1. Out of the residues in the range 79-93 that are open to solvent by less than 70 Å² (accessible area, probe 1.4 Å) and among the hydrophobic types (A, V, I, L, M, F, W, C), state the one that is farthest from I170 (Cα to Cα).
2. Can you find, within the range 102-123, the residue that is surrounded by the fewest Cβ atoms within 10 Å (Cβ to Cβ) among those that are of a type outside the set (A, V, I, L, M) and farther than 20 Å from I72 by Cα?
3. Mind telling me which of the residues L167, L110 ends up being out of contact with any Ser or Thr (no Cβ under 9 Å at 6 or more places or on another chain), free of Cβ contacts under 8 Å to residues at least 12 places away in the same chain and within 30 Å of A54 (Cβ to Cβ)?
4. Exactly one condition in (1) surrounded by fewer than 14 Cβ atoms within 10 Å (Cβ to Cβ); (2) touching a residue at least 40 places away in the same chain (Cβ under 8 Å) is not met by S27; state its number.
5. Name every residue in the range 42-63 that is over 12 Å from I22 (Cα atoms) and polar (S, T, N, Q), in order of residue number.
6. Specify the residue that is nearest to E146 (Cα to Cα); the eligible residues are those in the range 124-136 that are open to solvent by 70 Å² or more (accessible area, probe 1.4 Å) and free of Cβ contacts under 8 Å to residues at least 12 places away in the same chain.
7. Considering A59, A54, which residue is among the small types (G, A, S) and buried (at least 18 other Cβ atoms within 10 Å of the Cβ)?
Amino acid sequence: YKWATLLRVGGIAISNREALRIYLSSSFVGTFLPTSVGADVVKLTRTALSTGRADKVTASILMERALGLLSIITLAVAGLLFVLSRGEKQYLPVFYFACLAFIGVGTVLLVSLRHDLWAWTSRRLAPFGQYRLVQMLAKFHRAFIELGSHKRVLVVFFLLSLLQNFLSIITAYTGGLA
């Protein structure tokens, strides 16, 4: 549902049923590959073939990954704060690292969504505009910036990612207690 929402906001009409089919098939493939990138490639390929909009699909997957990573780091910082509050001072360096990671990922995400930075980059890439790769990257980044303009949806997406990751943590924790 979360990913389908990003697609819809990006201008790709997809039903929840179709998004679920693509998600499940990509998850199945992803279980056999060493990283989750394979699952993303399946999602990208299946959706781009049916919609013809690889740029917008790529932007939605990258946004999903960026906000997911930010939510995981946020939970790490919160968990480390809890551990530190219980007097476990040996985790202080890990806490500092997690805070730096949060600041770094958040900054990269915010900077990548800035229109003025995109305008500056476009001017620098203009001499290479005849190359297909540069054209594809420019098209993708325009879609990414367009997706970033829907701030309310991105905040809800981030909060849902926090909830999803928190539930995963609770599931692992209670399983460990059993």
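The values are calculated or read from the model by the stated rules, or taken from the named source; none is laboratory data. The structure displayed is predicted, hence computed values, not measured ones. Here the Cβ positions follow ideal geometry from the backbone for every residue, glycine too, while neighbour counts run over all protein chains shown. Side chains are part of the model used for accessible areas, which takes the heavy atoms of the whole protein and leaves out ligands, DNA and RNA. Shrake-Rupley method; radii C 1.70, N 1.55, O 1.52, S 1.80 Å.
1. Here the answer is L92.
2. D116
3. Numbers: L167 fails: within 30 Å of A54 (Cβ to Cβ).
Every option except L110 fails the conditions.
4. (2)
5. Passing the criteria: T51, T58, S60.
6. Residues of the range 124-136 open to solvent by 70 Å² or more (accessible area, probe 1.4 Å): 124, 127-128, 130-133, 135-136.
Cutting the leftovers down to free of Cβ contacts under 8 Å to residues at least 12 places away in the same chain gives us 124, 127-128, 130-133, 135.
Numbers: R124: 21, P127: 24, F128: 23, Q130: 23, Y131: 23, R132: 21, L133: 20, Q135: 17 Å.
Ranking the qualifying residues of the range 124-136, first place goes to Q135.
7. Numbers: A54 fails: buried (at least 18 other Cβ atoms within 10 Å of the Cβ).
Of the residues listed, the single one that is among the small types (G, A, S) and buried (at least 18 other Cβ atoms within 10 Å of the Cβ) is A59.
A quick yes/no check of all residues on (1) in a loop (DSSP other than H, G, I, E, B); (2) open to solvent by 20 Å² or more (accessible area, probe 1.4 Å):
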{"position": "I12", "(1), (2)": "yes, no"}
{"position": "A19", "(1), (2)": "no, no"}
{"position": "T35", "(1), (2)": "yes, yes"}
{"position": "G38", "(1), (2)": "no, no"}
{"position": "T45", "(1), (2)": "no, yes"}
{"position": "L69", "(1), (2)": "no, yes"}
{"position": "T74", "(1), (2)": "no, yes"}
